[in-house]
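A.B. asks: My questions all concern the structure below.
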Amino acid sequence: MPHASAPPDDPTPFNTDAVREVIRAAASVPGAMLPVLHAVQGHLGHIPSEVVPLVAQALNVSRAEVQGVLDFYHDFRRAPPGRHLVWICRAESCQAMGAEAIETHARNHLGLAYHETTADGALTLEPVYCLGNCACSPAVRVDGEIHGRMDPIRFEKLVEELRAETVTA
Amino acid sequence: MSARVFVPADSGALSVGAEQVARAILAEAEQRREPVTLVRNGSRGLYWLEPMVEVETRAGRIAYGPVRAEDVPDLFAAGFLSGHSHRLGHGLTDHIPYLAGQERLTFARVGLSEPLNLADYCEQGGFVGLRRALEMPPDALIREVTDSGLRGRGGAGFPTGVKWSTVGKAVAATKYVVCNADEGDSGTFSDRMLMEGDPYCLIEGMIIAARAVGAQEGYIYSRSEYPHAFAILASAIQRAREAGYLGPDILGTGQAFDLEVRLGAGAYICGEETSMLESLEGRRGLVRFKPPLPAISGLFGQPTVINNVMSLASVPVILAKGSAFYRDYGVGRSQGTLPFQLAGNIRHGGLVEKAFGLTLNELLYDYGGGSASGRPIRAVQVGGPLGAYLPESRFDVPLDYEAYSRIDAMIGHGGIVAFDDRVDMAKMARYAMEFCAIESCGKCTPCRIGSQRGVEIIDRIVAGRERSKNLILLDSLCDTMVNGSLCALGGMAPYPVRSALQHFPADFGIDTSGIAERERTETVPSRRI
Ligand SMILES: Cc1cc2nc3c(=O)[nH]c(=O)nc-3n(C[C@H](O)[C@H](O)[C@H](O)COP(=O)(O)O)c2cc1C
Ligand code: SF4
Ligand code: FES
């Protein structure tokens with residue numbers, strides 16, 4: 001099951017034939033652009049510029065069209081992310097329950113601003129505007145899993161676990 | 001006899017440790033040699049009790065929560081498998097006041113059993129509405145929905161039956177039913193809960209819609225922020241197809257309808273229906289000019305019904321029990337029930353399905369139990385990021401579409417976000433503009449540029465730089481956005497801003513009530529969604 005925007009467990013190095021096959025497999029439905037881009041990102045972890053002409057060709061649209069779509073949607077990444085993606089919910093319900101303290105903590109302790117990756121490559125921090133977990137605010141998402149009732153201390157623990165994991169890996 | 005124990009697999013319950021609890025229960029049961037049948041149900045919506053574990057007893061289901069994995073041995077020791085009392089116990093689930101006071105029509109089944117279990121779905125009244133619909137001529141079917149008074153639950157409140165009728169009358173070889181499952185509004189989670197907890201109900205509603213208008217294909221456009229809902233829907237569609245509810249010949253009627261779930265890519269604007277169509281067709285989510293209405297020329301240029309998850313999921317019960325049954329709930333032109341969602345700084349956050357006409361006071365205090373922090377609730381945003389902020393003086397206005405419209409507020413998707421007295425409303429107003437700037441599709445200037453300017457002007461006001469001049473500028477900017485935007489993102493982002501300014505001027509450093517008075521008497525042009 002493609003977990004939207006979560007990096008693949010084992011990002012595959014770029015291989016044109018393999019990418020073409022991923023595109024082909026997703027391209028059979030009407031209006032296939034988003035399914036194709038999700039599939040490529042699921043395969044490579046991001047969407048490198050070499051993919052743009054391949055998608056354009058497969059879907060019979062211009063490169064500019066593909067580029068436009070990539071730029072429009074927040075999910076599509078142009079550069080490889082860290083091994084884990086961490087989203088902090090910035091929307092109102094989470095704000096009401098202290099999301100800002102988590103943001104501040106991430107900034108001070110990880111030294112990370114949004115869209116940045118830790119130096120050890122363990123994680124990339126992203127903002128998100130509601131995870132549908134507002135009754136358990138504040139919420140964060142790590143890859144495909146959502147965590148509720150977050151606070152700076154639990155957040156730090158969560159992040160440390162992710163970073164420790166990459167050290168042993 | 002093996003005890004049946006329920007531990008939700010809803011993503012909200014999982015977010016607070018339901019998986020660990022489920023594992024702990026299995027491990028403890030094995031160690032004690034006490035056989036347990038674990039059921040992974042949806043959530044009953046009492047989120048402050050999640051992970052909420054239920055045990056089936058002869059008297060009914062008994063609830064325990066919030067349960068941590070560490071509590072599990074103690075629960076076993078207390079005899080929870082037989083429903084014995086424990087400090088985490090709440091007695092019979094159905095008697096918990098939060099649940100007992102609700103009027104669950106759309107959410108009747110959510111949380112009762114395993115979401116993907118088709119047999120359970122049928123046993124609990126599933127597909128009764130569909131079977132009735134398949135026996136009715138499409139005209140009568142549409143009339144039934146019109147008569148129920150159901151209005152679109154996605155925000156705009158447009159009568160569902162009227163929309164269906166337009167699509168039904170359109171002549172085309174292919175028609176579509178598109179379910180708007182983008183649920184981008186912050187403070188809302190009812191679509192997610194239903195998709196995760198009772199996916200066949202949505203599928204049933206979509207089949208009925210397809211039957212009513214003569215559509216052959218359907219799409220569910222689900223946001224990428226909901227990975228669990230996406231996975232469950234994909235499985236549910238496959239199982240429904242295998243059982244003959246979807247495909248070339250639905251239940252032997254000769255009617256064809258098939259369904260696909262599509263993933264959005266993180267763009268709030270793709271919840272706007274025409275932007276969603278662009279996205280489904282494979283383009284940037286730029287809002288389309290209307291007309292033509294999607295009902296006439298929608299997906300791939302064909303007549304298309306676009307409805308919110310809640311609208312479609314309310315259709316099966318309307319068909320099963322009749323339009324009069326549904327219409328008898330509610331007040332005035334707001335008929336039926338709405339699953340309200342209590343969020344933000346609230347003690348008992350969760351889902352409360354009630355007939356229209358109750359008040360915020362009832363929701364916030366009778367159900368919500370006041371703020372989570374124990375401090376006074378100062379402001380409440382109703383209806384998502386484009387909804388107004390309401391002060392305590394508005395908490396007694398009945399929640400019905402028209403009454404809310406009269407106070408320049410909107411019920412929208414029923415999300416209710418509470419803030420305690422530590423909230424800085426100037427910050428919230430700034431955030432509303434910032435959000436609009438981040439999520440603008442960029443098609444029109446008032447929204448794309450205006451929201452950016454709005455952030456800057458609010459910064460100047462808060463900093464006390466030429467405050468009165470900037471207040472006038474902000475007011476005029478809001479007018480431009482309201483009147484000059486193509487869709488409700490730019491057109492309604494001024495609502496949270498103006499309401500914050502009107503009701504909480506002190507937070508902006510304004511010490512006179514001059515502005516507030518002027519705003520209060522001003523009429524705001526009608527909204528479009
Ligand atoms: C900016 C914007 C965002 C919207 N987001 C959603 C959404 O997330 N879900 C939804 O059902 N409707 C959303 N709508 C409303 C849809 O445009 C449309 O009215 C709705 O899908 C119609 O379904 P209904 O009649 O069943 O409510 C949004 C509208 C706007 C202007
Ligand atoms: S108001 Fe904003 S989101 Fe709506 S069409 Fe204009 S630019 Fe796009
Ligand atoms: S506002 Fe953060 S999960 Fe909804």
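The values are calculated or read from the model by the stated rules, or taken from the named source; none is laboratory data. Just so we're clear, the structure is a prediction, and the values are computed from it rather than from any experiment. Heads up, the Cβs are rebuilt from the backbone with ideal geometry, glycines too, and the neighbour counts pull from every protein chain shown. Calculation scope for accessible area: heavy atoms of the full protein, side chains included, ligands and nucleic acids excluded. Shrake-Rupley method; radii C 1.70, N 1.55, O 1.52, S 1.80 Å.
A.B. asks: For residue B:366 and residue B:402, FRET efficiency with R0 = 22 Å and r from the beta-carbon atoms, rounded to 0.05?
C.D. replies: 0.40
A.B. asks: What does the structure give for A:138-147 when I average, per residue, the other chain Cβ atoms found within 10 Å of the residue Cβ?
C.D. replies: Mean shielding count: 3.
A.B. asks: What fraction of the DSSP beta bridges in chain A is antiparallel, stated in percent and rounded to the nearest 5?
C.D. replies: 55
A.B. asks: Determine ³J(HN,Hα), in whole Hz, for all residues of the range A:118-128 in sequence, where each value follows from phi through the Karplus function 6.51 cos²θ - 1.76 cosθ + 1.60 and θ = phi - 60°; x replaces Gly and Pro.
C.D. replies: So the J values, rounded to whole Hz, are 5, 4, 7, x, 6, 8, 10, 9, 10, x, 9.
A.B. asks: Further, regarding this structure: Taking the range B:254-310, which chymotrypsin sites (Phe, Trp or Tyr not before Pro) meet the DSSP loop condition and have no more than 15 other C-beta atoms within 10 Å?
C.D. replies: B:289
A.B. asks: Using label points projected 7 Å from each Cα along Cα→Cβ, tell me how many nm separate residue B:325 and residue B:468, to one decimal.
C.D. replies: Placing both labels 7 Å along Cα→Cβ, they lie 6.3 nm apart.
A.B. asks: When a/c is below 1.5 the answer is rounded, else prolate if a/b is larger than b/c, else oblate, so apply that to the range B:338-428 with a ≥ b ≥ c taken from the square roots of the Cα gyration tensor eigenvalues.
C.D. replies: Taking the square roots of the gyration eigenvalues as a ≥ b ≥ c, the range B:338-428 is oblate.
A.B. asks: Rounded, prolate or oblate for the protein assembly as shown? Axes are the square roots of the Cα gyration tensor eigenvalues, ordered a ≥ b ≥ c, and the cut-off for rounded is a/c under 1.5.
C.D. replies: It comes out rounded by the Cα gyration axes.
A.B. asks: With both bridge residues required to lie in chain B, what share of the DSSP beta bridges run antiparallel, to the nearest 5%?
C.D. replies: So the antiparallel bridges in chain B amount to around 55 percent.
A.B. asks: What aspartates and glutamates does residue B:175 reach when the alpha-carbon gap must be under 14 Å and sequence neighbours fewer than 8 apart in one chain are set aside?
C.D. replies: Here the aspartates and glutamates satisfying the reach criterion relative to residue B:175 are B:217, B:258.
A.B. asks: Residue farthest toward the positive end of the dipole of the range B:287-419, with Cβ of Lys/Arg at +1 and Asp/Glu at -1: which of B:386, B:295, B:410?
C.D. replies: It is B:295, whose Cα lies furthest towards the positive end.
A.B. asks: Okay, moving on. Rounded, prolate or oblate for chain B? Axes are the square roots of the Cα gyration tensor eigenvalues, ordered a ≥ b ≥ c, and the cut-off for rounded is a/c under 1.5.
C.D. replies: Verdict is oblate for chain B.
A.B. asks: A plus B alone minus the pair: what accessible area, both sides summed, probe 1.4 Å, in Å² to 100?
C.D. replies: 4000
A.B. asks: Whenever you get a sec, compute what percent of the accessible area on chain A sits on carbon and sulfur atoms (1.4 Å probe).
C.D. replies: Heavy-atom surface of chain A belonging to carbon and sulfur, 1.4 Å probe: 52 percent.
A.B. asks: Which helices, counted as full DSSP H runs in chain B, have an axial Cα extent of no less than 24 Å and a Kyte-Doolittle average of -1.0 or above?
C.D. replies: Sorted by number, the helices that extend far enough and score high enough are B:445-463, B:467-484.
A.B. asks: Let me ask something else. Which loop-located chymotrypsin sites (Phe, Trp or Tyr not before Pro) does the range B:92-150 contain, where loop means any DSSP state but H, G, I, E or B and the Cβ has at most 12 other Cβ atoms within 10 Å?
C.D. replies: Listed in order of number, the matching sites amount to none.
A.B. asks: Any idea what the relative contact order of chain B is, in percent, if you count C-alpha pairs under 8 Å spaced at least 6 apart?
C.D. replies: Here the relative contact order equals 13 percent.
A.B. asks: Now a separate question. Counting only heavy atoms of the protein chains, get the accessible area per residue of the protein assembly as shown (1.4 Å probe) and round it to a whole Å² value.
C.D. replies: Value for the protein assembly as shown: 37 Å² per residue.
A.B. asks: If I take R0 = 45 Å and measure r between the Cβ atoms of residue A:100 and residue B:162 in this structure, what FRET efficiency does the formula 1/(1 + (r/R0)^6) give, to the nearest 0.05?
C.D. replies: After rounding, the FRET efficiency stands at 0.55.
A.B. asks: What size of dipole, in debye to the nearest 20, comes out for the range B:141-223 about its Cα centre when the only charges are +1 on Lys and Arg C-beta atoms and -1 on Asp and Glu C-beta atoms?
C.D. replies: 380
A.B. asks: Please turn the phi angles of the range B:378-388 into ³J(HN,Hα) values with the Karplus equation 6.51 cos²θ - 1.76 cosθ + 1.60 (θ = phi - 60°), one per residue in order, whole Hz, x for glycine and proline.
C.D. replies: 9, 9, 9, 9, 10, x, x, x, 9, x, 6
A.B. asks: Relative contact order for the range B:3-101 using alpha-carbon pairs under 8 Å, separation at least 6, rounded to a whole percent?
C.D. replies: Dividing the mean separation by the residue count of the range B:3-101 yields 29 percent.
A.B. asks: If I require 18 Å or longer along the helix axis, counting alpha carbons, and a Kyte-Doolittle average no lower than -0.5, what helices from chain A are left? Use full DSSP H segments.
C.D. replies: Answer set is A:152-168.
A.B. asks: Give the long-range amide H neighbours of residue B:220: residues separated by 5 or more places, or on another chain, with amide H under 5 Å away, using H modelled in the peptide plane at 1.01 Å from N.
C.D. replies: Hits under the 5 Å cutoff: B:179, B:260, B:261, B:262.
A.B. asks: Quantify how strongly other chains surround peptide A:84-95 by giving the mean number of their Cβ atoms within 10 Å of each of its Cβ atoms.
C.D. replies: That works out to 6 on average.
A.B. asks: For the range B:301-367, which whole-number percentage of the solvent-accessible area (1.4 Å probe, protein heavy atoms only) is attributable to carbon and sulfur atoms?
C.D. replies: Of the solvent-accessible surface of the range B:301-367, carbon and sulfur hold 42 percent.
A.B. asks: While we're looking at this one, here's another question. Which one of B:188, B:164, B:9 has its Cα pushed farthest toward the positive end of the charge dipole of the protein assembly as shown, where Lys and Arg give +1 and Asp and Glu give -1 at the Cβ?
C.D. replies: Towards the positive end, the residue furthest out is B:164.
A.B. asks: Then there's this: Per DSSP H run of n ≥ 4, the term is -39500 (n - 2.57); total these for the protein assembly as shown, divide by its residue number, and report the mean residue ellipticity at 222 nm rounded to 500 deg cm²/dmol.
C.D. replies: -12000 deg cm²/dmol
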